[in-house]
Amino acid sequence: MQIITTRKVNCKDCHRCLRVCPVKAIGINQGRARVLDDKCILCGQCVTECPQHAKHLISHVPTIQEAIQNGRKVILSLGSSFLGLFPEYTPAQLVSAIKALGFSAVEETAVGAEAVSLLYRKLVKTSTKKTLISSNCPVIVNIVKKYYPNLVENLAPIVSPMMAHGQIMKRNFGEDAYVVFAGPCMAKFAEHNDLHAVDSVMTFVQLRQWLNRHKYENGNSPVESYEPEPLGNARFFPLAGGILKSFMDFDILDTEIIAVDGIEDCKEVFESLSRGEIAPRFIEAFSCNGGCIGGPAGGSTQPMPVRRLKAIEYANSVDKKVLWQLPEGVDFSITHLPDPVKNVEPTEDEIKEILHQIGKFTRVDEKNCGACGYNTCRDKAVAVYSGLAETEMCMPYMRSKAESFANIIVENSLNGIIAVNEKMIIQELNPAAKQMFSNKKPMEKGNSLTEFIDCSDFVAAANYGHKVLSKRVEYSDHGVITEQMIVPVPQHGLVIGVITNVTDHEKRTQEWQKMKEETVAKASEIINKQMQVAQEIAGLLGETTAETKSALLEMVWVLKGKEEK
């Protein structure tokens, strides 16, 4: 099961995880990021930096709760940085609250750190190797294995305090004990599988959430007395410089000893060590700034100096008792094996071909802005070749492409487009606008729009946010009739006008109207003439009909008269 996964629905075109990842163990597909397990060192930066909370860390809490419910003897190894990261609790309150969750026992991981400290002391004295690198930080171990495999032999062959304590707890509480580690480190989820000395892991963030939920449901837990086990300087282990303090008198100016924290600084040290530029006896390396108290899953909002101070005060307040003998029957050794990342290297021509696709034809074009997440344009091209990145991730290229498309549309638009500021000074205009309003003098950027047209609608848009849609405006001085859309853009202090020249359309409309009127008039004239002719014909027909009737009546009368005689 993956330790860090991505909620795809929340992840889109951000690339922040890629920017912060120190080893670029992020692949991008269709704008969404995924963690590349074979490259990932589990530093957790992608989880903490994701603004959309799309990166999700695995949780063992349900498994731990199930073990408690099933009656298992569940015991907790509490990371030594706890006091600097749980300022709301005293040690007694925190231990009591954890036991109230169902844990049978709680011990500080510093018990394991004390054993590791003794082993480091012996190793530094007897080692014939030129340089030893501390192996307590799993992220550092991952970096060396994957990215500096030539330095694997320099890693101290000693387990981390978590694993050492897990083995001690298994010996003291029985092999059937269910051992849980809680700390600020996400890489522990992978490390706990190495020796099976620890059954489950949870972060301090997950522990705090569990404690808060239990407190909300059950109220405050009664506080039991707690007596921290007397140790040497092992409680300094989670602090930068603390490993060295636990087993030797450390002088920060000693050229034989290097204490380094923070991934980038650690990488610089390892690079120098690989090139033979340095050869100290011992390197104390922490991936997190400040040591474990700066871990990605610590959950504290307190500043680093405050966290460090609290951890130091607690370490100094506890009785000291240096361990001179290791617990019997426990093997704290481990063999580190290289696990180098396999990269596919494209040829120079293949890199250039990809760079050309994103408008990089010369070294000057390679801005190396880092917006895509990669340090250089060439790094990004290699990632594209490997299928881990997309050409569309290049922000300058995509911006240039979008601007180019927009410019083509604006420049070739038949509509006049004018952008003015709040003082009606022309900021942008296209050729169509120039053609419409430059009959007296050329309209140019920097001119006042008031010199060319009545811009009362533009002023209303700028001052009151009034939007104009499909308004007919005639400019007799310029011999044009227009239809306008005027839109205010207050966030940029602009007003944009889109002006359509409808002069020809208006002329055609007027000509068509005139033609219709003339046609109607002609038709009316013809109809009137036809009616006149019809009336004349009707008049003539009426006269002849009357004469015919009169003649016939007279004939009838004559015939009747003769018959009577």
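Taking region 22-64 as the range and being more than 17 Å from the chain's Cα centre (by Cα) and among the small types (G, A, S) as the test, only S59 passes. A single member of A110, A100, A25 is in contact with a strand residue (DSSP E or B) (Cβ under 8 Å, 6 or more places away or on another chain) and touching a residue at least 40 places away in the same chain (Cβ under 8 Å), and it is A110.
Just so you know, in region 406-451 the residues that are in contact (Cβ under 8 Å) with a residue 40 or more places away in the chain, open to solvent by less than 80 Å² (accessible area, probe 1.4 Å) and polar (S, T, N, Q) include one that is nearest to M485 (Cα to Cα), and it is N415. From the list A97, A92, A54, A33, the lone residue that is surrounded by 16 or more Cβ atoms within 10 Å (Cβ to Cβ), closer than 30 Å to Q167 by Cβ and among the small types (G, A, S) is A97. Checked against (1) open to solvent by 10 Å² or more (accessible area, probe 1.4 Å); (2) of a type outside the set (F, W, Y); (3) in contact with a Phe, Trp or Tyr (Cβ under 9 Å, 6 or more places away or on another chain), A190 passes all but a single condition, namely (3).
Within region 373-388, the residues that satisfy the criterion of being in contact with a helix residue (DSSP H, G or I) (Cβ under 9 Å, 6 or more places away or on another chain), at pLDDT 90 or above and assigned to a loop (DSSP other than H, G, I, E, B) are Y374, L388. Are any residues in region 96-121 farther than 30 Å from G71 by Cα and among the small types (G, A, S), and if so, which ones? If the condition is that a residue be farther than 30 Å from G71 by Cα and among the small types (G, A, S), then A115, S117 are the ones that fit. Just one of the listed residues (L42, L83) is in a loop (DSSP other than H, G, I, E, B), touching a residue at least 40 places away in the same chain (Cβ under 8 Å) and crowded, with 20+ Cβ neighbours inside 10 Å, namely L42.
Pairing each residue of region 268-283 that is within 14 Å of E153 (Cα to Cα) with any residue that is open to solvent by 80 Å² or more (accessible area, probe 1.4 Å) and outside any loop (DSSP other than H, G, I, E, B), provided the two are 6+ apart or on different chains, yields C-beta distances under 9 Å for S274/N150.
Can you work out which of the residues in region 21-30 that are β-branched (V, I, T) and either under 17 Å from V341 (Cα atoms) or part of a helix (DSSP H, G or I) (or both) is most open to solvent (accessible area, probe 1.4 Å)?
V23
If you go through region 65-79 and pick out every residue that is assigned to a loop (DSSP other than H, G, I, E, B), under 22 Å from A110 (Cβ atoms) and over 33 Å from the mean Cα position of the chain (by Cα), you end up with 1.
This table checks each residue for (1) at pLDDT 95 or above; (2) surrounded by 18 or more Cβ atoms within 10 Å (Cβ to Cβ).
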residue	(1), (2)
S117	no, yes
R121	no, no
K125	no, no
K130	no, no
I133	yes, yes
V139	yes, yes
Y148	yes, yes
M163	yes, yes
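Whenever a residue of region 191-217 is without any contact (Cβ under 8 Å) to a residue 24 or more places away in the chain, it has no partner that is assigned to a helix (DSSP H, G or I) and open to solvent by 20 Å² or more (accessible area, probe 1.4 Å) lying with C-beta atoms less than 7 angstrom away and at least six residues away or across chains.
Within region 349-364, being open to solvent by 50 Å² or more (accessible area, probe 1.4 Å) and either touching a residue at least 60 places away in the same chain (Cβ under 8 Å) or charged (D, E, K, R) (or both) holds for D349, E350, K352, E353, R363.
Kindly indicate the residue of region 389-405 that is part of a loop (DSSP other than H, G, I, E, B) and either touching a residue at least 60 places away in the same chain (Cβ under 8 Å) or among the β-branched types (V, I, T) (or both) and also least open to solvent (accessible area, probe 1.4 Å) among those meeting that condition. Filtering first and then ranking leaves A389. Per the conditions (1) part of a helix (DSSP H, G or I); (2) within 24 Å of G291 (Cβ to Cβ), the sole criterion not satisfied by V9 is (2). Residues P327, P346, P338: which one is in a loop (DSSP other than H, G, I, E, B), surrounded by 11 or more Cβ atoms within 10 Å (Cβ to Cβ), more than 38 Å from the chain's Cα centre (by Cα) and not aliphatic (A, V, I, L, M)? Checking each option against the conditions leaves just P327. Tell me, yes or no, whether region 231-252 has at least one residue that is within 19 Å of Q93 (Cα to Cα) and in contact (Cβ under 8 Å) with a residue 60 or more places away in the chain. Yes, that holds for at least one residue. Go through (1) among the aliphatic types (A, V, I, L, M); (2) without any contact (Cβ under 8 Å) to a residue 60 or more places away in the chain; (3) part of a helix (DSSP H, G or I); (4) closer than 22 Å to M395 by Cα for L18 and report which single condition fails. Every condition holds for L18 apart from (2). Between G290, G370, the distinction of being under 30 Å from the mean Cα position of the chain (by Cα), open to solvent by less than 40 Å² (accessible area, probe 1.4 Å), at pLDDT below 90 and of a type outside the set (S, T, Y) belongs to G370 only.
The values are calculated or read from the model by the stated rules, or taken from the named source; none is laboratory data. Nothing here was measured: the structure is a model prediction, and the numbers come from that model. Positions of Cβ are backbone-derived with ideal geometry, glycine not excepted, and every protein chain shown enters the neighbour counts. When the accessible area is computed, the model is the full protein with side chains, heavy atoms only, and any ligands, DNA or RNA have been set aside. Shrake-Rupley method; radii C 1.70, N 1.55, O 1.52, S 1.80 Å.
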